[in-house]
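What follows is a single structure, written as structure tokens, with notes after it.
The values are calculated or read from the model by the stated rules, or taken from the named source; none is laboratory data. Predicted model only: the values in this text are computed from it and were never measured. Just the protein is used for accessible areas: all its heavy atoms, side chains included, with ligands, DNA and RNA removed. Shrake-Rupley method; radii C 1.70, N 1.55, O 1.52, S 1.80 Å.
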Amino acid sequence: MVESQPNRKQRRPVRTRAPQADLTDSEVLRHGLDFFSELGYEGASVREFAKRLGVNHNFINDRFGSKHNFWQAVVDYALEDLRAPLAVAFAVDADDAEKLEMVVRTFYSVAANVPQMHRILAAECVLNSERVDYIYSKYTASLLERVEPIAERLMESGRMPRIPIDILFTALSGPALALTQSEIARRLGRAPQPSAAEWEQLTDCLSELVLRGLLPARSGANSTTS
């Protein structure tokens, strides 16, 4: 006679959670900057980001609360690289034309160092969304608050053509895309990995081009295109 075996429940395999990588917030935000600039907000899923980092799919929600909060934290992180150098440029003891020149050159120099942020700006600023409201309140408005009085005095004195404020902002920020669109620039002949000296030459060239339009009568300019 065969003894019956005790009825044992089939044990389910234990799921192993992806390791929670020992990453600082700064490291996560740096990776996030690359991720959003590559895929855009809508195309960037937190699951895909977690997969790339090798962490649990709840990692971003656990640390930042939501994808939107994470995006805001990434933007804040990137804009810090812009705020400090611009604050120095605005604090320069110089006349308005020289100060504007310093701001323009600083802006493009930073754009060359953090191209991901300008790719994000280019993608978001054509959309009507709470994200563009966030960019405007955290970035655009504060920049214009400092630039507009300088530009107004220069226009009043006849040293700058009178232009609407939206055109002024576009004249300052728009050309930065020339430093961030690496793939089309490479096809147009730019080196795949420009050296520090080559980046400096590129930013000087772009700054000079923009400043010639904004301040056509400025004297003593060091032209890189003459």
State the extension gain, in nm to one decimal, for the chain segment bounded by residue 200 and residue 38, taking 0.36 nm per residue of separation less the distance between their alpha-carbons.
55.9 nm
Relative to the longest principal axis of the chain, what angle (0 to 90°, nearest 10) does the C-alpha long axis of helix 115-124 take?
90 degrees
Per GNM of the chain with C-alpha springs under 10 angstrom, the most fluctuating residue out of 210, 88, 46 is 88
On C-alpha positions alone, give me the angle between the axis of helix 67-90 and the longest principal axis of the chain, in degrees, nearest 10.
30 degrees
For segment 120-226, list log₁₀ I(q)/I(0) at each q in 0.24 Å⁻¹, using the Debye formula over Cα point scatterers of equal strength and ignoring solvent, two decimals each.
-1.28
Please compute, over every Cα-Cα pair in segment 43-170, the percentage with a separation greater than 20 angstrom.
54 percent
Hydrodynamic radius (Kirkwood) for the chain, which is based on Cα pairs only, to one decimal in Å
20.5 Å
Largest first, how would 70, 64 line up by accessible area (1.4 Å probe)?
64, 70
Top to bottom by accessible area (1.4 Å), largest first, where do 134, 108 land?
134, 108
Using a 1.4 Å probe on the protein heavy atoms, what percent of the accessible area of the chain belongs to carbon and sulfur?
51 percent
